[in-house]
Amino acid sequence: MLPSTLLLLTLTGCEMITDLLDSEPDLTTAEAQLASGDLPAAADAYTEAAAAAPTHVEAATGAAYAALLQGNHAAADKYLAAAQASLEAPSPELTLRRALVALEAGKLEEMSAFGKASGLDAGLLLAAEYALAEGELEDAAELLKGIKSSGPVSDAARQYLALIEDEDPLVSGLSETYALWALGEKKVAVRSVDDIFKALPEDQEGRDEMLLMWASRAASVGETDIARSMLDSVLFLPQGQSWRKTATSAIISCAEGDAAGCLAAFEKLEGAPSDGVADAKATAAVLIAGQDRDAAAQLAGSVRSDAAARALLEAGDRSAAQQAASSGALKSYLESGG
């Protein structure tokens with residue numbers, strides 16, 4: 001239903017900031033390396049450029065992205081703050097990027113402040129999600145109503161508003177759980193939504209579809225008891241969606257370390273949508289990797305997609321990840337030794 005904010009936004013995308021500063025350095029090489037997927041080389045180039053010209057906006061943005069990839073949130077924000085300070089007027093785009101860095105660092109109050117200050121629709125969505133997570137539905141609604149553009153951000157805003165404005169307080173309360181999930185508070189979201197589902201009437205519109213989705217989410221974060229309970233509560237599977245119940249059962253088995261049960265369940269998915277099965281296998285592979293790397297490789301290694309490659313990479317099998325990756329930036333990144 002509501003997409004994760006991190007899927008809507010990206011710290012890169014330097015095209016959002018144009019002609020803010022015309023000073024050197026030349027970023028042609030760094031940009032080419034980033035486009036080719038050679039992230040280590042691009043990171044070095046951007047970091048060097050930002051050190052030489054800390055007020056250069058695009059250099060700072062690239063260096064911040066590199067720092068973020070390395071888990072150095074403080075450095076990422078420092079690069080952006082330096083560039084911001086060099087401008088005559090605050091840049092909404094840079095302010096939004098600082099919000100995204102704060103989100104990645106888990107500093108949600110700071111994220112909300114930057115989101116509001118940016119004045120951009122994506123920033124307002126972040127601030128609204130924080131308000132929802134804090135139970136401030138009226139404040140969230142006001143922020144969401146300020147989002148005017150079209151596209152994924154406005155779609156998410158409309159879906160949040162539909163939940164907030166529902167007369168049933170249980171349905172309205174679902175808005176908080178979706179926001180918690182989007183902000184990375186996934187276990188809290190799963191536990192909260194479980195309590196709501198237990199109180200929802202069986203004839204609630206969309207109930208079974210939501211149960212299926214949240215059961216999969218619960219399984220993906222290791223809340224297997226909740227996931228299983230949700231699956232058991234599904235009364236009528238939407239047409240063509242029965243495979244999702246089997247796939248979620250498989251993920252639960254992998255999350256619990258039952259490789260044999262997990263693999264057996266996936267064998268029952270013949271004829272299911274290939275993309276959906278690939279994503280489910282990638283999720284299951286990540287969950288089982290710490291206990292059974294062979295099972296993880298069997299699951300993800302059978303799929304040729306970037307999702308499978310990422311799962312294998314998290315499982316520690318870089319060679320298999322490189323083979324599984326489709327052509328593009330991720331494959332180039334792996335081939336470059338990143």
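The values are calculated or read from the model by the stated rules, or taken from the named source; none is laboratory data. These numbers come from a predicted model, not from an experiment. Here the Cβ is made from the backbone with ideal geometry for all residues, glycine too, and neighbour counts use every protein chain on show.
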Just to be sure before I move on: is residue 87 farther than 23 Å from residue 145 by Cα and outside any helix (DSSP H, G or I) in the structure I sent? yes
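Residue-wise test of (1) surrounded by fewer than 24 Cβ atoms within 10 Å (Cβ to Cβ); (2) closer than 30 Å to residue 204 by Cα.
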| site | (1), (2) |
| --- | --- |
| 88 | yes, no |
| 92 | yes, no |
| 95 | yes, no |
| 120 | yes, no |
| 136 | yes, yes |
| 175 | no, yes |
What are the residues in segment 224-274 that are aromatic (Phe, Trp, Tyr) and either touching a strand residue (DSSP E or B) at 6+ places or on another chain (Cβ under 8 Å) or over 25 Å from residue 198 (Cα atoms) (or both), if any? 266
Exception for residue 185 within (1) among the acidic types (Asp, Glu); (2) more than 30 Å from residue 61 (Cβ to Cβ); (3) modelled with pLDDT of 95 or more; (4) surrounded by fewer than 24 Cβ atoms within 10 Å (Cβ to Cβ) falls at (2)
Could you check segment 219-232 and list, in sequence order, the residues that are under 16 Å from residue 246 (Cβ atoms) and either surrounded by 16 or more Cβ atoms within 10 Å (Cβ to Cβ) or under 22 Å from the mean Cα position of the chain (by Cα) (or both)? 219, 220, 224, 227, 228, 230, 231
Top-ranked residue of segment 254-268 - restricted to ones that are without any contact (Cβ under 8 Å) to a residue 24 or more places away in the chain and under 15 Å from residue 228 (Cα atoms), ranked as surrounded by the fewest Cβ atoms within 10 Å (Cβ to Cβ): 261
Kindly indicate whether any position in segment 280-289 is part of a helix (DSSP H, G or I), more than 18 Å from the chain's Cα centre (by Cα), more than 28 Å from residue 239 (Cα to Cα) and at pLDDT below 85. no
Given (1) out of contact with any Leu (no Cβ under 9 Å at 6 or more places or on another chain); (2) not in a loop (DSSP other than H, G, I, E, B), index of the condition residue 135 fails: (2)
Residues of segment 28-50 that turn out to be free of Cβ contacts under 8 Å to residues at least 40 places away in the same chain, touching a helix residue (DSSP H, G or I) at 6+ places or on another chain (Cβ under 9 Å) and either surrounded by fewer than 20 Cβ atoms within 10 Å (Cβ to Cβ) or within 18 Å of residue 80 (Cβ to Cβ) (or both), as a count: 14
Of all residues in segment 140-168, which are surrounded by fewer than 23 Cβ atoms within 10 Å (Cβ to Cβ) and closer than 25 Å to residue 200 by Cβ? 141, 155, 158, 159, 161, 162, 163, 164, 165, 166, 167, 168
Filter result for the condition that a residue is of a type in the set (Gly, Ala, Ser), assigned to a helix (DSSP H, G or I), at negative phi and surrounded by 21 or more Cβ atoms within 10 Å (Cβ to Cβ), over 82, 113, 102: 102
Of residues in segment 142-179 being of a type in the set (Gly, Ala, Ser) and outside any helix (DSSP H, G or I), the one farthest from the chain's Cα centre (by Cα): 146
Restricting to segment 233-248, name every residue that is among the small types (Gly, Ala, Ser) and either part of a loop (DSSP other than H, G, I, E, B) or crowded, with 22+ Cβ neighbours inside 10 Å (or both). 240, 247
Would you call residue 335 surrounded by fewer than 17 Cβ atoms within 10 Å (Cβ to Cβ), of a type in the set (Asp, Glu) and at pLDDT 90 or above? no
Any chance you could count how many residues in segment 297-329 are on the phi > 0 side of the Ramachandran plot and either free of Cβ contacts under 8 Å to residues at least 24 places away in the same chain or surrounded by 22 or more Cβ atoms within 10 Å (Cβ to Cβ) (or both)? 0
Hey, can you tell me all the residues within segment 180-193 that are assigned to a helix (DSSP H, G or I), free of Cβ contacts under 8 Å to residues at least 60 places away in the same chain and within 17 Å of residue 127 (Cα to Cα)? 180
